[in-house]
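Notes follow the structure.
Taken together, the values in this text are just the output of simple stated rules run on the coordinates, not laboratory data. Treat the numbers as computed from the prediction; the structure is a model and nothing was measured. All Cβ positions, even for glycine, are placed from backbone atoms using ideal geometry, and neighbour counts span all protein chains on display.
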Amino acid sequence: MKVSRSIADINAKIKAGKAVVFTAEEVIELVADKGAAAAALEVDVVTTGTFGPMCSSGVFLNVGHPQPRIKLNEVYLNGVPAYAGIAAVDLYLGATAIPETDPANRSYPGEFIYGGGHVIEDLVSGKEVRLEASSYGTDCYPLKRIETAIRLDEINEAILYNPRNAYQNYNVAVNRGEKTIYTYMGILKPGMGNANYSSAGQLSPLFNDPLLKTIGLGTRIFLGGGIGYVAWHGTQHNPSAERDERGMPKGPAGTLALTGDLKQMKPEWLRGLSFLGYGATLQVGVGIPIPILNEEIMSYCAVRDEDLVAPVVDYSQAYPQRLSGNLGLVSYAELKSGSISVEGKKIPTASLSSYAKAKEIALTLKDWIEQGEFILTEPSLQLPSVDSGITLKPMPRKDPEEREDR
């Protein structure tokens, strides 16, 4: 019997308490035992999860008008600079923003680095955050300086808006150089002394919908412990990246822009991180439900770590020109085993993302759906996929005399 169901069909079963939900890990065995066609008849939704550093994240804040009013120009939250070039008391705080005095700005390994991700975690935790701001003053906004403290429940809006999250695959970072280097992929020892990666593999959302057949604009998701939405395709979205015959990418490919109400989120799923010698970021929990509309989608959700590969990249060249497979490909099963072999050398591996937490996210989302607390949404627009013609472009580099006249 051929499976063909709609999201409306699935939502009706959710509301009736009859939806059958598996996590992306649980469904692997089911498909292995019964095949994709039979499994698709049985399963309505597959839940996914990932919990890793996602640097392209941040929060829009409206902190309210003081009396007299002020047009914020230069703003610091717990000493971390926020962007105020929007409206009078609107801000955007980026997860990787750090104080100017931070050791990372002096290329020194340093110790703990407090940045935007930590401010976001403090806000979600209900802590008081110090706000210092200055302005040039106008007739309508005469106040030129203010120092105060804010809490999340005291300000008007706090909207998590992450321009690039949930990368569809990523590099395995190694260092073939002669000295230790400090990167956004963590500390990399010389002579390929270690290998760091960052993905939940078989649980990762975009590995379970590799061609973006169900995830689109408006898809409701688990975000930071609350409910969020897919707002657009993410920055550096690269659906034309090299793929295998099943459509699984062999390197960094698709990304998602995500948004949600920070006030409903939890510090357990939004964690500020400090990377020695590099800077700060935010660890974000993301879970996406995959509606099983047909057998094809079921087959994608049965992907296993041993079938997924990532490129091993040497980060000792400041940043490699070619970011795809310059030292070969390794499977996620190999990465999760604790070591990989590159150029005949056995290298210990470590993940920057937490598979245990990814599994917890998938199980939480499964519970929400089974309890009727989470309804799926029909995407209002399909995101660019492999046939879109979109490719990742580098920054143009032109000398001043080569630039076009304006």
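Below is a table of values for the structure above.
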{"item": "Order of Lys393, Lys359, Lys366 - criterion: other Cβ atoms within 10 Å of each residue's Cβ, fewest first", "result": "Lys393, Lys359, Lys366"}
{"item": "Virtual spin-label span in nm between Lys127 and Ala12, 7 Å along Cα→Cβ", "result": "5.0 nm"}
{"item": "Value of [θ]222 nm, deg cm²/dmol, for the chain, DSSP H segments ≥ 4, -39500 (n - 2.57) each, nearest 500", "result": "-4500 deg cm²/dmol"}
{"item": "Projected label distance in nm at Leu276 and Glu74, using a 7 Å step from Cα toward the beta-carbon", "result": "3.4 nm"}
{"item": "Sites Lys336 and Asn294 - FRET efficiency at Förster radius 22 Å, r taken between beta-carbons, to 0.05", "result": "0.15"}
{"item": "Spatial separation of Cα centroids for the stretch 266-307 and the stretch 164-188, in angstrom", "result": "18 Å"}
{"item": "Exposed chymotrypsin sites (Phe, Trp or Tyr not before Pro) absent - longest run of the chain, DSSP non-H/G/I/E/B, at most 13 other C-beta within 10 Å", "result": "137-406"}
{"item": "Within the stretch 366-391: backbone nitrogen closer than 19 Å to the Arg5 label point (7 Å, Cα to C-beta)", "result": "366-379"}
{"item": "Counting DSSP beta bridges with both ends in the chain, the antiparallel % (nearest 5)", "result": "90 percent"}
{"item": "Filtered trypsin sites (Lys or Arg not before Pro), the stretch 143-248: DSSP coil and at most 14 other beta carbons within 10 Å", "result": "Arg151, Lys179, Arg246"}
{"item": "GluC sites (Glu not before Pro), loop per DSSP, at most 15 other Cβ atoms within 10 Å - longest free stretch of the chain", "result": "1-99"}
{"item": "Theoretical FRET efficiency, 1/(1+(r/R0)^6), r = Cβ-Cβ of Leu41 and Tyr229, R0 30 Å, to 0.05", "result": "0.50"}
{"item": "Sorted by Cβ neighbour density within 10 Å, fewest at the top, the residues Cys301, Cys55", "result": "Cys55, Cys301"}
{"item": "Estimated Rh, the chain: Kirkwood, alpha-carbon pairs, angstrom", "result": "22.6 Å"}
{"item": "Calculated Rg and Dmax of the stretch 219-299 using C-alpha coordinates, Å", "result": "15.6, 48"}
{"item": "Order of Thr138, Thr47, Thr391, Thr259 - criterion: other Cβ atoms within 10 Å of each residue's Cβ, fewest first", "result": "Thr391, Thr138, Thr259, Thr47"}
